[in-house]
Amino acid sequence: MRPNRPYFCYVAMLGCVVTFIFEVRANGWEFQPLTCPSTCDGRPCNADGTSCESNLLLGPRISVLDELGAKNDAAIFDDGQWWRILTCNWMHAGLFHLLFNLLA
């Protein structure tokens, strides 16, 4: 008797990894820092004073996620971007988020 293989899981995992590669590509092939080193006028910044956007999950900027179809209630309901309901299921906020979901 042939064992059953979880083919759907394999395809879903591949889809999540490929989507994450597109996210990192859209972020200029870099990850945001885990934390920003300084605070300037109450906002996070780098040591040289430039603005900094951290991502504790080691991933792209929030604006990149939003451009690619992250869940955004205002865009879904006010702007009719219903496709965000589908795309957000494949996206991950960072490498840690992706790895924990793949592990699960």
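At-a-glance table
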quantity	calculated
Extreme residue, surrounded by the most Cβ atoms within 10 Å (Cβ to Cβ), among residues of region 68-83 that are part of a loop (DSSP other than H, G, I, E, B) and of a type in the set (A, V, I, L, M, F, W, C)	Ala70
Residue within region 84-93 that is surrounded by 10 or more Cβ atoms within 10 Å (Cβ to Cβ), assigned to a helix (DSSP H, G or I) and out of contact with any Gly (no Cβ under 7 Å at 6 or more places or on another chain) present	yes
Long-range neighbours under 8 Å by Cβ, at least six apart or interchain, first residue closer than 14 Å to Cys9 by Cα within region 80-104, second of a type in the set (Gly, Ala, Ser) and in a helix (DSSP H, G or I)	Trp90/Gly15
Selection within region 13-67 - in a helix (DSSP H, G or I), open to solvent by 60 Å² or more (accessible area, probe 1.4 Å) and touching a helix residue (DSSP H, G or I) at 6+ places or on another chain (Cβ under 6 Å)	Met13
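The values are calculated or read from the model by the stated rules, or taken from the named source; none is laboratory data. Quick caveat, the model's predicted, so the values are computed rather than measured. For neighbour counting, all protein chains shown are included, and Cβ atoms are generated from backbone atoms with ideal geometry for every residue, glycine included. These accessible areas exclude ligands, DNA and RNA; they are computed on the full protein's heavy atoms, side chains included. Shrake-Rupley method; radii C 1.70, N 1.55, O 1.52, S 1.80 Å.
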